[in-house]
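The values are calculated or read from the model by the stated rules, or taken from the named source; none is laboratory data. Because the structure is a prediction, the values reported are computed rather than measured. Using ideal geometry, Cβ is built from the backbone for each residue, glycine included, and neighbour counts are taken over all protein chains shown. To get the accessible areas, we keep the full protein, side chains included, count just its heavy atoms, and leave off ligands, DNA and RNA. Shrake-Rupley method; radii C 1.70, N 1.55, O 1.52, S 1.80 Å.
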Amino acid sequence: MSEAAQPRIALLGVPIEIGASQLGTLMGPDALRTAGIGRILDQLGFAVEDHGNMAKPGPGPAEGPPPANAKYYDTIKGWIRALSERSYALARSGAIPIFMGGDHSLSMGSVNGVARHWQEQGRPLFVLWVDAHADYNTPQTTETGNMHGMSAAFLCGEGGLDDLLGGAPRASIGPDQLDLFGIRSIDPEEKKLVFERCVAIADMRAIDEFGVGVLIRKVIERVRARNGVLHVSFDVDFLDPTVAPGVGTTVPGGATYREAHLIMELLHDSGLVRSVDVVELNPFLDERGRTARVAVELIGSLFGLQITDRRTPSNAMLPGNGSTPGG
């Protein structure tokens, strides 16, 4: 197969940490590289382009007082504006971008840029928020002021951070295009807002009751029914702390190693995933790189790593058959 025919993946490190309550996630991108994220994707037949880590943006122009209850707003604003433009450019290039965090506030930029591209293509972007937390707070509902807990709400067009992107386009998704998956921690006012907006939730009770296979297939069916594409925003605290200790926001009762791999395998089979975030990995809190290795193994499953060959809808996408994923 010629190199031009290879499906492409673009890696971009986003070493932002001030959206979270605990420092250390700025080391996440390099931990993922050390754990072999580029190597495993290369072995799966992808042309891997590593765009390095984004530099910390300089101070922007003064634009009036920041919103109340949004910590480090001005600095995070610089990250999000720069990342939204980089994300848009990477999506337009035809590569599958993987945004390596960094805390979950980065998704306000990564998803906005990707959504902008797919809106221009006339296809809706759906977001699978794989996380222990809903991240659907606004400056009005937050209990902490930490902006990594406001990402999903911002992406769905909620108010309170309306000037975050400045003059750049805000490509919001509808609340019906967001799936909160694996949730087991949500603030009281945040919970009210999520239910008012009718956001789809598969919490850990639903996962225990129905299993991840049934619930992920429902997400896939909804995206496919609208000719959509899927962005996976994967927070490693979705996993149980016994599996992934290297996060600053551990919540007991998370997904098992096997459940997480099944999710990724089914998403790969769907052929719908066109962009990914991997966030909240904090190597400072990890145990000898364990969480980074698990995250890389899961990304491998998302892009086709499996023990045995199976007949799946995505076989037509696999490197070696002369076609590229997506549409």
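Going by the structure shown, is G52 open to solvent by less than 30 Å² (accessible area, probe 1.4 Å), part of a strand (DSSP E or B) and either touching a residue at least 60 places away in the same chain (Cβ under 8 Å) or not aromatic (F, W, Y) (or both)?
Details: open to solvent by less than 30 Å² (accessible area, probe 1.4 Å): yes; part of a strand (DSSP E or B): yes; either touching a residue at least 60 places away in the same chain (Cβ under 8 Å) or not aromatic (F, W, Y) (or both): yes.
Considered against the rule, which asks whether it is open to solvent by less than 30 Å² (accessible area, probe 1.4 Å), part of a strand (DSSP E or B) and either touching a residue at least 60 places away in the same chain (Cβ under 8 Å) or not aromatic (F, W, Y) (or both), G52 comes out as yes.
Scan (1) touching a His at 6+ places or on another chain (Cβ under 8 Å); (2) open to solvent by 30 Å² or more (accessible area, probe 1.4 Å) for the single condition G19 breaks and write down its number.
If we test G19 against (1) touching a His at 6+ places or on another chain (Cβ under 8 Å); (2) open to solvent by 30 Å² or more (accessible area, probe 1.4 Å), just (2) comes out false.
Determine, yes or no, whether S93 is of a type in the set (S, T, N, Q) and closer than 18 Å to I18 by Cβ.
So S93 does not fit the description; no.
Is at least one residue of segment 62-74 within 26 Å of G160 (Cα to Cα) and assigned to a helix (DSSP H, G or I)? Spell out how you get there, then give the answer.
Of all residues in segment 62-74, those within 26 Å of G160 (Cα to Cα) come to 62-74.
Those left that are additionally assigned to a helix (DSSP H, G or I): 73-74.
Among the residues of segment 62-74, at least one is within 26 Å of G160 (Cα to Cα) and assigned to a helix (DSSP H, G or I), which makes the answer yes.
Please tell me if E259 is open to solvent by 30 Å² or more (accessible area, probe 1.4 Å) and under 14 Å from V130 (Cα atoms).
Values: open to solvent by 30 Å² or more (accessible area, probe 1.4 Å): yes; under 14 Å from V130 (Cα atoms): yes.
Judged against the criteria, E259 is a match.
Listed here are the residues, each with its yes/no results for (1) hydrophobic (A, V, I, L, M, F, W, C); (2) open to solvent by less than 10 Å² (accessible area, probe 1.4 Å).
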| position | (1), (2) |
| --- | --- |
| S87 | no, yes |
| R92 | no, no |
| G109 | no, yes |
| Q119 | no, no |
| P124 | no, no |
| W129 | yes, yes |
| A134 | yes, yes |
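Among the residues of segment 55-85, which ones are touching a residue at least 12 places away in the same chain (Cβ under 8 Å), open to solvent by 60 Å² or more (accessible area, probe 1.4 Å) and not charged (D, E, K, R)?
P59, A68, N69, Y72
Can you pull out the residues in segment 189-201 that are open to solvent by 80 Å² or more (accessible area, probe 1.4 Å) and closer than 20 Å to G254 by Cα?
Residues of segment 189-201 that are open to solvent by 80 Å² or more (accessible area, probe 1.4 Å), as a first pass: 189, 191-192, 195-198.
Selection gives K191 alone.
In the set E259, E297, which member is assigned to a helix (DSSP H, G or I), acidic (D, E), in contact with a helix residue (DSSP H, G or I) (Cβ under 8 Å, 6 or more places away or on another chain) and farther than 21 Å from I207 by Cα?
On the way: E259 fails: farther than 21 Å from I207 by Cα.
After applying the criteria, what remains is E297.
Out of everything in segment 202-241 that is within 16 Å of L281 (Cβ to Cβ) and free of Cβ contacts under 8 Å to residues at least 24 places away in the same chain, what residue ends up being surrounded by the most Cβ atoms within 10 Å (Cβ to Cβ)? First the steps, then the outcome.
Let us first name the residues in segment 202-241 that are within 16 Å of L281 (Cβ to Cβ), namely 232-241.
Then drop every residue that is not free of Cβ contacts under 8 Å to residues at least 24 places away in the same chain, which leaves 240-241.
Values: D240: 20, P241: 17.
Top of the filtered list is D240.
Would you please name the residue that is surrounded by the fewest Cβ atoms within 10 Å (Cβ to Cβ), looking only at residues in segment 284-294 that are over 18 Å from the mean Cα position of the chain (by Cα) and touching a residue at least 12 places away in the same chain (Cβ under 8 Å)? It would help to see each step written out before you state the result.
Step one: filter segment 284-294 for residues over 18 Å from the mean Cα position of the chain (by Cα), giving 284-290.
Then drop every residue that is not touching a residue at least 12 places away in the same chain (Cβ under 8 Å), which leaves 284-287, 289-290.
Numbers: F284: 15, L285: 15, D286: 22, E287: 9, G289: 14, R290: 14.
The selected residue is E287.
Among the listed residues L267, L281, identify the single one that is touching a residue at least 60 places away in the same chain (Cβ under 8 Å), assigned to a loop (DSSP other than H, G, I, E, B), open to solvent by less than 10 Å² (accessible area, probe 1.4 Å) and among the aliphatic types (A, V, I, L, M). So that I can check it myself, show each step before the final result.
Values: L267 fails: assigned to a loop (DSSP other than H, G, I, E, B).
Exactly one of L267, L281 is touching a residue at least 60 places away in the same chain (Cβ under 8 Å), assigned to a loop (DSSP other than H, G, I, E, B), open to solvent by less than 10 Å² (accessible area, probe 1.4 Å) and among the aliphatic types (A, V, I, L, M), namely L281.
Output yes when any residue across segment 170-185 is farther than 28 Å from I9 by Cα, crowded, with 21+ Cβ neighbours inside 10 Å and β-branched (V, I, T), and no when none is.
Within segment 170-185, one or more residues are farther than 28 Å from I9 by Cα, crowded, with 21+ Cβ neighbours inside 10 Å and β-branched (V, I, T).
Condition first: assigned to a helix (DSSP H, G or I) and either modelled with pLDDT under 95 or touching a His at 6+ places or on another chain (Cβ under 9 Å) (or both). Now tell me which residues in segment 148-176 satisfy that. Even if it seems obvious, please write down each step before you answer.
The first filter runs over segment 148-176 and keeps only residues assigned to a helix (DSSP H, G or I), leaving 148-149, 151-155, 175-176.
If the condition is that a residue be assigned to a helix (DSSP H, G or I) and either modelled with pLDDT under 95 or touching a His at 6+ places or on another chain (Cβ under 9 Å) (or both), then H148, G149, S151, A152 are the ones that fit.
Any idea how many residues of segment 136-169 are on the phi > 0 side of the Ramachandran plot and either open to solvent by 10 Å² or more (accessible area, probe 1.4 Å) or hydroxyl-bearing (S, T, Y) (or both)?
Taking segment 136-169 and keeping what is on the phi > 0 side of the Ramachandran plot, we get 145, 157, 160, 166.
Now drop any that are not either open to solvent by 10 Å² or more (accessible area, probe 1.4 Å) or hydroxyl-bearing (S, T, Y) (or both), which leaves 157, 160, 166.
Total meeting the criteria: 3.
Contact list please: Cβ distance under 6 Å, first residue in segment 26-47 and part of a loop (DSSP other than H, G, I, E, B), second residue at pLDDT below 95, pairs at least six apart or on different chains.
Once the first residue is part of a loop (DSSP other than H, G, I, E, B) and sits in segment 26-47, its partners that are at pLDDT below 95 give G45/P319.
Collect the residues in segment 302-327 that are at pLDDT 50 or above and open to solvent by less than 10 Å² (accessible area, probe 1.4 Å), keeping them in residue-number order. So that I can check it myself, show each step before the final result.
To start, the set of residues in segment 302-327 that are at pLDDT 50 or above comprises 302-311.
Within segment 302-327, just L302 meets the criteria.
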